[in-house]
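To keep things clear, I will list the structure first and then write my remarks on it.
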Amino acid sequence: MTNALETKDVTKTYKIDNGVIHAVDGVSLGVKAGEFVALVGPSGSGKTTMLAMLAALLRPTSGGIFIDGHDLTTMDEGARAKFRREKIGFTFQANNLVPYLTAQENVELMLRLNDKLDRKGKDRAKELLDRLGLGERLKNLPSQLSGGQQQRVAIARALIHNPSLVLADEPTASLDTERAFQVVETFANLIHEQNRAGIMVTHDLRLTQYVDRVIQMRDGQVDSIVDNHAEIEERVVKHADDHHLEGLKVLPMIKPQPVMG
Amino acid sequence: MAVYLSLKELWRGRGRFLLISMVIALITLLVLFVAGLAEGLGSGNIEYLSKIDADVIVYQENSQLSIGASRIDRSKLGDLTRLDGVQAVGPLAFSSATIVLPDGQKPLDVSLIGVEPGKPGEVPVREGQSFDSRRANEAVIDRNTALRTNLKVGDTVTLKAVQGTQEEFYPLTVVGISDGQQYSLRPSVFVPDLTWDKVRPRSGPLSNDITYNVVAVKLDDPARTKELVQAIPQNVARVEAADLVTAYKKTPGYTEQQATLETQRIFTLIIGVLVVGGFFQIQMLQKVPQIGMLKAIGARNRTVAGAVILQVTLVTMIGVGIGTALTLLLAANFPVSVPIVFRANSTAIAIVSLLLIGPLGGLVSVRYSLRIEPLKALGLGG
């Protein structure tokens, strides 16, 4: 089976006064359709920069990024925006939703951006929101929804247009533990069901129990990969609370985030 | 897409947007009133001169085109008539008088203008007829005088004038009513020139010869105005001449007054641009994360910018609409004495310039919206 997402030796460097910072340094990885991957690592490990490049929001300094065989690095800005609205689904840490659109309108927005909103699409948006437990909240504005509900609306929006790749940036950052678990579990189920390639950036290792693979980044490089459930459970999730993760060498470390621009 | 986003946002934030529309409405009210005032005061000053059926006004030499300072006697009329290209000449005499009204009504100050019957300077009457002779005890009142005194054709108007040290009262028959012909910010009463000389305020006894202020000259061919303005002082002793537009622009205070009002109008428009620009820019700053997100999920730049432009334009149009309606409503209830006049031309110019303040003020935020990077959605990027 071919990878829905593939990166080859992706590097992102930033020039600073006295040298160069390698935010991402030679990362090669592949994610298949129907696979949900967690990108973890301490602050400054390069996971968000990596996500930005996978999302066609940031150009790598070198290397190739292929989604469904299309090379993102050769596209101009217009083509990248088109690619984002057609092939990629997003959820963000915050400011996920358009505040003046209802839950349903926010989900439909993705179809509208692609000029593909029809009766069927509207029905699918309703079904998806219903599935996410928001059937009664279709007409609510984001300000009338809780953080968890908003995050679930964002998940519906990320999936409604059948993207090849679904990206989630710290989807549970503003949620309490119980809700965070619920949200990520639903997300994982939908990604598996709908056969999408999913990547979640998170610093909360407990959430990795719902993924198929954990990619640990450190200093801009892939540090380790754990790819079976038992091992994830044993080596990652169990030790999430005490930060004592020798096997993965996840050490809480403070490192200044490079200045982007 | 841009239409969808901007309309949704306008509707769901209608309270906020209505507020800025109301600010624009008040700016509209102010600008339209200033424009109306400029028109009204301007016309109050020069309405008679601007409507006069003549091409050139002839003044006494060195009077600096001031009607009040200029004195011309009858002997000049013949000289002027004999000039090539002159069709007719009409002497004009200006002074002021007071109309005494019955039943304790407040007396009305008017411009008393003496004209020669049948000559340039005489005003066309809308109701009734013009004067019988140069000596007739008759008056033609303008529309403003009629409105403010309720005088009708056939009524007697009593003019009061101080002559020497005496207050003299002259009853004249109103034979006609003209359209608006204000002069020197007063409604006008027209009388035949010899009657004017008799009833006008003066310090001494009646002299033998009537002295006019200026002469209105009608040409055979108005295209020769410029030529005649130069020829007249060369061929007639001790006079100077000006075309009609120069003449009324030289009316004391007219240019200064119009410049002051124009400055006010421009400043109000600039304030409008800044207020609208400020509002949308502040709103834009608040929307940075949201717009970053929209771009990240693939919204086109032109969608985002288009939504901003449409919003600014709609908010401005609604504001200008409300403001114009308010202005018309208020103006309809003004007494005639308030010198506010709305003419299609100047009102249209004011409305068009008001409609431009929104998009102009919004330009900064449109530009800003284009520069927001989608990376903002991930908390990255400048």
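Bear in mind that the values in this text are calculations on the coordinates, not laboratory data. Source: prediction; values computed, not measured. Cβ sites come from the backbone with ideal geometry, for glycine too, and all protein chains shown count toward neighbours.
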> How many angstrom separate the Cα center of region B:112-180 from the Cα center of region B:23-93?
Replying inline: 20
> Lys pairs in region B:113-271, Cα-Cα under 25 Å, at least 8 apart or on separate chains: how many?
Replying inline: 14
> Roughly what angle does helix A:77-87 make with the longest principal axis of chain A, taking Cα atoms, 0 to 90 degrees, to the nearest 10?
Replying inline: 60
> Ordered by packing density, taken as the mean number of other Cβ atoms within 10 Å over each peptide's residues, highest first, how do A:165-173, A:50-58, B:25-33 rank?
Replying inline: A:50-58, A:165-173, B:25-33
> Tally Lys/Arg at +1 and Asp/Glu at -1 over every other residue whose Cβ is under 11 Å from the Cβ of B:LEU172; what's the total?
Replying inline: -1
> Of the peptides B:332-340, B:147-155, how do they stack up when ordered by the mean number of other Cβ atoms within 10 Å, highest first?
Replying inline: B:147-155, B:332-340
>> Mean Kyte-Doolittle hydropathy of 0.0 or higher plus an axial Cα length of 20 Å or more: which whole DSSP H helices in chain B meet both?
In response: B:14-51, B:254-286, B:301-332, B:344-371
>> Residue by residue through A:22-35, how many Cβ atoms from other chains fall within 10 Å of the Cβ on average?
In response: 0
>> Quick check: the angle from helix A:119-131's long axis to the longest principal axis of chain A, C-alpha only, nearest 10 degrees?
In response: 60
> Pick from B:GLY272, B:GLY253, B:GLY36: which residue has the top mean-square fluctuation in a GNM of chain B where Cα pairs under 10 Å get a spring?
Replying inline: B:GLY253
> If each residue's Cβ is checked for other Cβ atoms within 10 Å, how do B:SER50, B:SER111 rank with the fewest at the top?
Replying inline: B:SER50, B:SER111
> In a GNM of chain A with a 10 Å cut-off on Cα contacts, which of A:ALA79, A:ALA125, A:ALA180 has the highest mean-square fluctuation?
Replying inline: A:ALA79
>> What is the sum of charges, Lys and Arg at +1 and Asp and Glu at -1, for the other residues whose Cβ falls under 14 Å from the Cβ of B:ALA350?
In response: 0
>> Using only Cα atoms and rounding to the nearest 10 degrees, what angle (0 to 90) does helix A:103-113 make with the longest principal axis of chain A?
In response: 70
>> If I model a spin label at A:ASP123 and B:ALA325 as a point 7 Å from the Cα along the Cα→Cβ vector, what separation in nanometres do I get?
In response: 4.3
> If each residue's Cβ is checked for other Cβ atoms within 10 Å, how do B:LYS218, A:LYS12, B:LYS160, A:LYS139 rank with the fewest at the top?
Replying inline: A:LYS139, B:LYS160, B:LYS218, A:LYS12
> region A:99-157 to region B:269-304: how many Å between their Cα centroids?
Replying inline: 24
> Based on the mean of other beta carbon atoms within 10 Å per residue, what is the order of B:189-200, B:129-140, most packed first?
Replying inline: B:189-200, B:129-140
> What residue among A:ARG80, A:ARG59, A:ARG119 has the largest mean-square fluctuation in a Gaussian network model of chain A, using Cα springs under 10 Å?
Replying inline: A:ARG119
> Roughly how crowded by other chains is peptide A:113-122, in terms of the mean Cβ count from those chains within 10 Å of each of its Cβ atoms?
Replying inline: 1
> Averaged across the residues of A:83-95, what count of C-beta atoms belonging to other chains lies within 10 Å of each residue's C-beta?
Replying inline: 4
